[in-house]
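Contents: one structure, followed by commentary.
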């Protein structure tokens, strides 16, 4: 939840994560392993990441810890995220007995046979689960190929649950209409994320700060169904967040609360933070609340060194 909070709180304050051009939606192999009880799904297009200095600098500050671990684990089996991976996604999903689990899915031209050959040379042997061969990785994680160019990895129990999902023993995300519909609205973005109802409710309360203490938020909280965002650095920094509610009245109320939260933040903001807040807009559109932020690279680089950024990015 800390990762979710950082991402959405940052967005409300005009502090995004990383973004690049050229989108890459999840392929069918990746979608098949995400359980229906997905809490959050984040996808990052790696192909142009290195071409944006702002994105690379920002990446070091706000990249979730589990994504950093995934990158290091990939390097341990000879896969360079910036050369061999087109996209990297990670999904957090809820389980009845073990709390929240996280899996990672990497897609790209890393050549399954070449990777397996290297593992064999290193005398790393797989274990079998169903029809899958699961290999150990650095940091206590494991990995298995879903097809020639798609790799599933994470902690062993999470990977097994993902494989159970692929094999039909657990319902997959396509059976969750709210989350799958939200994904179809954003997966053309270079960096995108979707968040479920409970996660959205908790994060919005935290992100709103004192504005959430008024009675209106408790009234509409249960009417928040989920949220989605996209980020891009194609022309400056662009962040678009949509909170999905059950009706237009709830959306209008939440929009007013977000505006109040931004005004409250502005009262104690620094010069660079005030510019960021001035570049933010919030409006309700039917049952959705839409937040948009846009800034130049220079404005955003200045904001990254502010106390406000430090407070919400960690």
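The shape of region 21-175 comes out oblate: with a ≥ b ≥ c from the C-alpha gyration tensor, a/c is at least 1.5 while a/b does not beat b/c. Packing-based ranking of 109-121, 244-256 yields 244-256, 109-121, ordered from highest to lowest mean Cβ neighbour count within 10 Å.
Averaging the sequence gap over all C-alpha pairs within less than 8 Å and six or more residues apart, then dividing by the number of residues, gives region 21-175 a relative contact order of 30 percent.
May I ask for the distance between the Cα centers of region 123-150 and region 243-306, given as a whole number of Å? Spelled out, the Cα-based centre of one part sits 43 Å from the other. Tell me whether region 155-281 comes out rounded, prolate or oblate; compute the Cα gyration tensor, take square roots of the eigenvalues as a ≥ b ≥ c, and use a/c under 1.5 as the rounded threshold. Taking the square roots of the gyration eigenvalues as a ≥ b ≥ c, region 155-281 is prolate. Taking all Cα pairs closer than 8 Å and separated by 6 or more residues, the relative contact order of region 143-276 comes to 18 percent. Working from label points 7 Å from Cα in the Cα-to-Cβ sense, the residue 147 to residue 266 distance is 4.9 nm.
No lab work stands behind these numbers, since they all come straight from the coordinates. Owing to the predicted nature of the structure, the values given are computational and were not obtained by experimental measurement. For neighbour counting, all protein chains shown are included, and Cβ atoms are generated from backbone atoms with ideal geometry for every residue, glycine included.
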